[in-house]
Amino acid sequence: MTRKQKRLAVIGGLGLVLALAAGLIFVALRDQIVFFYSPSEVKERAVAVGTPIRLGGLVKDGSWVKTGEANDFVVTDGESEMTVRFIGILPDLFRDGQGVVAEGAIGTDGVFAATNVLAKHDENYMPKEVVESLKARGEWQREASGS
Amino acid sequence: MSIELGHFALILAFAIATVSALVGLVLWRSDGRAAAYLQQGAILQFLLIAAAFAALVQAFATSDFSLALAFEHSHSTQPMIFRITGVWGNHEGSMLLWVLILVAMGGAVAAFGRNLPRDLLALVLAIQSLLVAAFAGFTLFTSNPFARLSPVPFEGKDLNPVLQDIGLALHPPLLYTGYVGFSVCFSFAIAALISGRIDAAWARWVRPWTLLSWTFLTLGIAMGSYWAYYELGWGGWWFWDPVENASFMPWLAGTALLHSALVMEKRNALKIWTVFLAIITFSLSLLGTFMVRSGILTSVHTFASDPTRGLVILSLLAAFIGGAFVLFALRASSLRAGGLFHPVSKEGALILNNLLLAAATSAVLVGTLYPLLLDALTGRSISVGGPFFELTFGSIMAPLLVILPFGPFLAWKRGDLVGVAQRLAWAAGLALFVTILVFALRGASVSLVPFGLLLGFWVAFGALADLADRAKLFRTDLVTSLRRLFGLPRTAWATAIAHFGIGVTVIGIVAVSAWETELVTTMQPGQTGNLAGYTVLYDGVTHTEGPNFTSDRGSFTITEPTGETRTAHPERRVYAASGMPTTEAAIETYGFSQLYLQLGEPGADGGSVVRVWHKPFITLIWLGALLMASAGLLSLSYRRLRVGAPRPARAKTAAAE
């Protein structure tokens, strides 16, 4: 190979790898991202059964029922509600009226089956999505955030 | 009084840094007097910031709540270690720690850089001082840690209980040393661009700093991962959280820099690319600082979100990164490329390594920034989680792992791929054999798991093959081989150990994600559960008192498959000062595997929800990281690397030590 051909081979190889990586990122961005919805948005957008989403809102007062290791609670944004079921141990700061984000999908029975529930790490923490969705619905109260 | 002295020391350091930066940038061509001034300035900056930091530590240790920071983030009942680590368990203090490490790096360059060319030394210290001025200024004007309170409160508000852990003593200092260490590489890169002079000696100077930062960053990330694993109670060790990605991107770029600096030092090639990588790596460190410190993300790492701070950090970030790239665009053409090579060669393999690492870094960067951008532009909230990163990052790393063992075998300039393949054949055969054996014992399944495991074994055995080949194992008698093996340069050992560590980590990751099992159940005292051959007996809960918390302490008796028993104590704590509950998991290590117990809230009937994970081979993940870090230290201890000049260095060694 001449010097020019060598250089072409190197640059061509590099271009190929970069193109593949860019394609991969593009495909993954299309298919692998998870959208955040409030209960109202779930209804408005008619999210399909089994699509992985993040559901956020406040835990409705008095809705948390614990049966053994199963937890059922209602997430509300003041307009719509959605029942969530989570098997396992809820975060330390999970309680009524608290902002939560549940990761999972809607089951065929209409109940949101959560694989993970995120609540605050400390007293000042509120999932950002929840704050924004509550603000949009006019449900946001400054003192509820503690910050 | 000492608090005001600390404050004054910080102001003085800021002033000296500002003057140093100006003097250095204007007078770097002068005959060494600027360099002498800047050396003293760098050491003074270090002493002053150290004094400022000591003042903070003293206030926290003695629970002086007239210091607003101590009032907000400390409590007199905290054990001494957490009172001290609480200094950086908040925004202001952690910024001061960041600056402290930055000036320590500058001081080290000044102290060890005596045989650097004077103009290069002056430029490097000037850039370093510019960074100090920017970040000490940021600390001083937007996040002053020395604010006082009057009247003096009687008691503090307590440190976030999640942070009251030995992890806080280790993770931030290690991570920051890694982050900030790359500032030296950055300063060297900018100095090279300004002076237009860059050669193999330059790479020889940059490489130890890259190694040092990379080693500490590896330790910091591993420590952070283990801390999250045992403290957050989700049983996961990596969440692809933006904050984790923020530390992972400089690591990936730093790994690439480590390898490209090698090409530059040995072959005088890849100059422009190495300078570019040095800039990118520190830019990613700054980006990490910005993402964590600005409050645009919500996580345990974000102590307070104050929009002005975010804007200031963003402007600093834009100034440094933007300035560096403008300079790069203007001056890169003045750096002449050199060193021709064939595509199949060690240079070629290292370029491929760099390319794949750069692609992986970009994938992580896109996945981390895309949600932030989309949110800012359209207001749409999305999360880019595990599946995105597993697909993109995984697919990019897989070919890297495939080619990794070939790298150390290939010769410089022109390599013999067939010959290398022959010498690696036994490693490949062994990796395949072990993988098949594992699946014969475990039961095969159709998935990517065998492939991942094969890659892990391939990399690990490939590293051993490298050592065996250098020692001429089985090609000469055993005694000669052993003598050769122990006579190998430490860098050869370091390469093999680091690559072996990667293999070990990959095996750990694949094994735990494939064979992890989990049990969630409600237990009454006296009941048992079974998981992966282990029997877990719930003995009940006792109420105990800690120094600054009360705890419901569960007792479990774990019976191994072999019949041996151990007791484990997961806890549910409530911290007195803040009233905040935390769960402390109990983790029992069996060989390389762990049993992870988490105690849930007690039910009305006296039973408790208990979550038990069996994590097979999970410790390999961190052991691999420790191997990589120890390889970094081993390589750093190699004398030839520490000596700056390419000339015969016998006389200089004394000066460098």
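Answer with yes or no whether B:A55 is of a type in the set (A, V, I, L, M, F, W, C), over 28 Å from the mean Cα position of the chain (by Cα) and crowded, with 16+ Cβ neighbours inside 10 Å.
On the way: of a type in the set (A, V, I, L, M, F, W, C): yes; over 28 Å from the mean Cα position of the chain (by Cα): no; crowded, with 16+ Cβ neighbours inside 10 Å: yes.
No; evaluated as a whole, the condition is false for this residue.
When the stretch B:24-38 is examined, which residues are found to be out of contact with any Gly (no Cβ under 8 Å at 6 or more places or on another chain) and part of a helix (DSSP H, G or I)?
Here is the first cut: in the stretch B:24-38, the residues out of contact with any Gly (no Cβ under 8 Å at 6 or more places or on another chain) are B:24-33, B:35-37.
Residues satisfying the conditions are B:G24, B:L25, B:V26, B:L27, B:R33, B:A35, B:A36, B:Y37.
Please go through the stretch B:439-478 and pick out each residue that is charged (D, E, K, R) and either without any contact (Cβ under 8 Å) to a residue 40 or more places away in the chain or within 19 Å of B:S395 (Cα to Cα) (or both).
Passing the criteria: B:R470, B:K472, B:R475, B:D477.
Of the residues A:S63, A:S40, only one is in contact with a Ser or Thr (Cβ under 9 Å, 6 or more places away or on another chain), assigned to a loop (DSSP other than H, G, I, E, B), at pLDDT 85 or above and surrounded by 12 or more Cβ atoms within 10 Å (Cβ to Cβ); which?
After ruling out the rest, the residue left standing is A:S63.
Hey, among B:R475, B:R484, B:R490, which residue is basic (K, R), surrounded by fewer than 24 Cβ atoms within 10 Å (Cβ to Cβ) and touching a Lys or Arg at 6+ places or on another chain (Cβ under 7 Å)?
The conditions single out B:R484.
From the list B:A17, B:A68, which residue is among the small types (G, A, S) and surrounded by 22 or more Cβ atoms within 10 Å (Cβ to Cβ)?
Values: B:A68 fails: surrounded by 22 or more Cβ atoms within 10 Å (Cβ to Cβ).
Sole residue among the options that is among the small types (G, A, S) and surrounded by 22 or more Cβ atoms within 10 Å (Cβ to Cβ): B:A17.
Check the stretch B:362-374 and report whether any residue there is more than 8 Å from chain A (Cβ to nearest Cβ), surrounded by 17 or more Cβ atoms within 10 Å (Cβ to Cβ), over 19 Å from B:L270 (Cα atoms) and polar (S, T, N, Q).
yes
Within the stretch B:569-584, restricting attention to residues that are within 30 Å of the chain's Cα centre (by Cα) and assigned to a loop (DSSP other than H, G, I, E, B), which residue is surrounded by the most Cβ atoms within 10 Å (Cβ to Cβ)?
Selected residue: B:P570.
Does B:V87 fit the bill of being in contact with a helix residue (DSSP H, G or I) (Cβ under 8 Å, 6 or more places away or on another chain), buried (at least 19 other Cβ atoms within 10 Å of the Cβ) and free of Cβ contacts under 8 Å to residues at least 60 places away in the same chain?
For B:V87, the condition - in contact with a helix residue (DSSP H, G or I) (Cβ under 8 Å, 6 or more places away or on another chain), buried (at least 19 other Cβ atoms within 10 Å of the Cβ) and free of Cβ contacts under 8 Å to residues at least 60 places away in the same chain - is met.
Within the stretch B:443-457, is even one residue surrounded by 13 or more Cβ atoms within 10 Å (Cβ to Cβ), among the aromatic types (F, W, Y), at pLDDT 90 or above and closer than 29 Å to A:A21 by Cα?
For the stretch B:443-457, residues surrounded by 13 or more Cβ atoms within 10 Å (Cβ to Cβ), among the aromatic types (F, W, Y), at pLDDT 90 or above and closer than 29 Å to A:A21 by Cα: present.
Out of the residues in the stretch B:390-435 meeting the condition of being small (G, A, S) and within 25 Å of A:A21 (Cα to Cα), tell me which one is nearest to the other protein chains (Cβ to nearest Cβ).
Filtering the stretch B:390-435 for residues that are small (G, A, S) and within 25 Å of A:A21 (Cα to Cα), the one nearest to the other protein chains (Cβ to nearest Cβ) comes out as B:S395.
Looking only at the stretch B:381-394, decide whether some residue is at pLDDT below 85, in a loop (DSSP other than H, G, I, E, B), over 21 Å from the mean Cα position of the chain (by Cα) and exposed (fewer than 15 other Cβ atoms within 10 Å of the Cβ).
Kept after step one, since they are at pLDDT below 85, are these residues of the stretch B:381-394: B:381-387.
Applying the additional criterion that residues be in a loop (DSSP other than H, G, I, E, B) yields B:381, B:385.
Narrowing the set further to residues that are over 21 Å from the mean Cα position of the chain (by Cα) leaves B:381.
Restricting the remaining residues to those that are exposed (fewer than 15 other Cβ atoms within 10 Å of the Cβ) gives none.
Checked the stretch B:381-394: no residue is at pLDDT below 85, in a loop (DSSP other than H, G, I, E, B), over 21 Å from the mean Cα position of the chain (by Cα) and exposed (fewer than 15 other Cβ atoms within 10 Å of the Cβ).
Within the stretch B:401-491, which helices (runs of 4 or more DSSP H) (wholly inside it) include 3 or more residues that are under 20 Å from B:V506 (Cα atoms)? I'd like the intermediate steps shown before the answer.
Details: elements: B:406-409, B:417-442, B:449-470, B:478-487.
It comes to B:406-409, B:417-442, B:449-470.
Given the structure, is B:L454 away from chain A (no Cβ under 14 Å), closer than 22 Å to B:W515 by Cβ and out of contact with any Ser or Thr (no Cβ under 8 Å at 6 or more places or on another chain)? Break it down stepwise before answering.
Values: away from chain A (no Cβ under 14 Å): yes; closer than 22 Å to B:W515 by Cβ: yes; out of contact with any Ser or Thr (no Cβ under 8 Å at 6 or more places or on another chain): no.
The answer is no for B:L454.
Consider A:V34 carefully, then state whether it is modelled with pLDDT of 85 or more and buried (at least 17 other Cβ atoms within 10 Å of the Cβ).
Taking the combined requirement at face value, the residue does not satisfy it.
Please find, within the stretch A:1-50, the residue that is nearest to the other protein chains (Cβ to nearest Cβ) out of those that are out of contact with any strand residue (DSSP E or B) (no Cβ under 6 Å at 6 or more places or on another chain) and among the hydroxyl-bearing types (S, T, Y).
The extreme case among them is A:T2.
Identify the residue in the stretch A:99-116 that is modelled with pLDDT under 85 and surrounded by 19 or more Cβ atoms within 10 Å (Cβ to Cβ) and, among all such residues, is farthest from B:P581 (Cα to Cα).
Top of the filtered list is A:V101.
Might you let me know whether the stretch B:526-549 holds any residue that is within 14 Å of chain A (Cβ to nearest Cβ), farther than 30 Å from B:E390 by Cα and β-branched (V, I, T)?
No, every residue in the stretch B:526-549 fails to be within 14 Å of chain A (Cβ to nearest Cβ), farther than 30 Å from B:E390 by Cα and β-branched (V, I, T).
The values are calculated or read from the model by the stated rules, or taken from the named source; none is laboratory data. Nothing here was measured: the structure is a model prediction, and the numbers come from that model. Cβ coordinates were reconstructed from backbone atoms using ideal geometry, including for glycine residues, and neighbour counts include every protein chain displayed.
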